[in-house]
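First the structure, in the form of structure tokens, and then the observations on it.
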Amino acid sequence: MARWLPWAGLAVRLAGAAVWLFAGITKLTDLEGFRLQVHAYQVLPSGIETAFSYALPLVEIVLGLYLLVGALVRPVAIISCVLMAIFVIAEAQAWARGLAIDCGCFGTTVRTTVGATTILRDLALGIPFYLMAWRPARRWSVDEALLGREDRFALTPPSARTPA
């Protein structure tokens, strides 16, 4: 069983990378549309809505690229968990206030109204990040190759592992 865990960890890391890359790239394709989606949430001061709307897709793409190559896996996973929590809170407050707005999670490419479904979807999309914050997946990663950090996705603690 332990033999396939590093490969499962790689799959989890790549799934997390795919989430961020898809989200960021789809937002970049229509920045003005995404800005309007951010505005609809009615939570940010109007003076920073545009800057936030332009910066968030870039942040998501950077996080996705870091996960894709496996650089700083645990810190990126923790930042990803925080971002996902912020997104879920933003969706929940909009839903609680009765705002019938588009989630904006994937820009204007995927349109879904904020509600229980989008909140549950985002919680599910966060699973790779939660797992990597707990056990960083470093198979075929910059962390492993250049920094010498071991793949922590295996269940056995480092002290119990036998050298290969």
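We did not get these values from a lab; they are worked out from the coordinates using the rules stated. This structure is a prediction, so every number in the text was calculated from the model and none was measured. Glycine also receives a Cβ, built like all others from the backbone with ideal geometry; neighbour counts cover every protein chain displayed.
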For this session: Filter the DSSP H helices in the chain by two things, a Kyte-Doolittle mean of at least -0.5 and an axial alpha-carbon span of 27 angstrom or more, and list the hits by number.
Result: 5-28, 46-69, 73-96
Exercise. How large, in Å, is the chain by the Kirkwood hydrodynamic radius built from its alpha-carbon pairs?
Worked result: 16.7 Å
For this session: Can you tell me the order of 91-98, 138-145 when each peptide is scored by its average per-residue count of other Cβ atoms within 10 angstrom, highest first?
Result: 138-145, 91-98
